[in-house]
Structure formats: C-alpha cells, structure tokens
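Worksheet: one structure, shown below.
All of the numbers you see were taken from the coordinates with simple rules; none came from a lab. Computed from a prediction, not measured in an experiment: that's the story for all the values here. All Cβ positions, even for glycine, are placed from backbone atoms using ideal geometry, and neighbour counts span all protein chains on display.
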Amino acid sequence: MNDWIKHSKNYLDTEKLGIEFSKTIPIGSIIALNGNLGSGKTTFVKGVLKGFNYDGEVTSPTYTLINEYEAKYRIIHIDCFREKNIDRWLNIGLIDYFTNENILFIEWPNHIKNILFSRKIIELNFEIKDLNERLICMREIESYE
Ligand SMILES: Nc1ncnc2c1ncn2[C@@H]1O[C@H](COP(=O)(O)OP(=O)(O)OP(=O)(O)O)[C@@H](O)[C@H]1O
Ligand SMILES: [Mg+2]
C-alpha cells in the first residue's frame, strides 16, 4: 500500500474515501484511526462497510465498545475512547479479534498502546480543518510504538 493524504470537503467525501480505501485493505489488517471527536473516523468506517457491500446499519461503537459486521469479510469496529483500562480489554477478549480472517478498525488506539505494541498496523489520521473540511492521511507502520 502506498501512503496517501486526501482532502474531504464534507461527510459524503469521507464516506467515499472509505469506499475507495476498502478496495485496498489486505485481509487481516489492523487499522488505527486517530483524530479528535467528530473528525470523521466513524464516517470513514461507514464508507468502508459500504465498499464491502454491507447494507445493514452501521453505528458508532462509542458505547458498545466493539461492533462486528459480517460483510465481504468480518469487519470489527472498536472504540477505545471510553475504556482506557488495558486489563478490561484483555478480559473482553480483544486479542481474539487479531486474526487473519478479520479486518479491525480501532478508534482511539493510543488507549491500548500496550496491546498494539510492535504489531504491523495501518494508521489513518483525521484532522479537522474547518466545520466540514477534513484532512485524512494514511500510512503503514511496520512496528507500532
Ligand atoms: N468532511 C467530513 N467528514 C466527516 N464528517 C464530517 C465532515 N464534515 C462534517 N462532518 C461531521 O462531523 C461528524 C463526524 O462524526 P464521526 O462520528 O464520524 O466522528 P469520529 O471521529 O468517529 O468521532 P468520535 O471520536 O466521537 O467517535 C459528523 O457529525 C459529520 O456530519
Ligand atoms: Mg467514532
């Protein structure tokens, strides 16, 4: 995968970028989504699920912590914003989701740094430029730290 930087002018642009991105994701990927509240992380994942022909409802995992979707592949969408306790994540069985059959999206990955440490990940950064403008950058990291 080649690193990229893209500009989104509105919600639909971000969804479209998610759809495009879905065509490039290797199965088994762990994708870390960084960016402030409301920067478009969940919107992007909604696009990815559209790209994988998922036609059910896609919601934010803010309160559920983990959402699972049976799309073209099994997509796992995790939000660590409200749970910073690593032991709780381990007890929930987070590690079991790290398999070659899933594609994992993790919002607020910095809360579970110890679990991601030294794994190969794809990182997406979302920056709020203006009310409806976002800058989205993708890069691959061989060993997360
Ligand atoms: N260009 C844009 N891309 C994405 N969302 C946008 C854009 N412009 C405005 N928005 C609005 O910003 C919000 C993005 O919400 P979203 O849930 O995707 O953010 P998030 O990064 O997942 O936040 P959180 O950390 O709270 O989960 C939505 O209300 C959306 O309508
Ligand atoms: Mg979100």
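Structure values in brief
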quantity: Every residue from the range 73-121 that is among the acidic types (Asp, Glu) and on the phi > 0 side of the Ramachandran plot; calculated: none
quantity: Count - residues of the range 1-30 that are more than 13 Å from ligand 1 (Cβ to nearest atom) and out of contact with any Gly (no Cβ under 6 Å at 6 or more places or on another chain); calculated: 15
quantity: Single residue of the range 34-76 satisfying the filter (basic (Lys, Arg) and either away from ligand 2 (no atom under 13 Å from the Cβ) or touching a residue at least 40 places away in the same chain (Cβ under 8 Å) (or both)) that is surrounded by the fewest Cβ atoms within 10 Å (Cβ to Cβ); calculated: LYS72
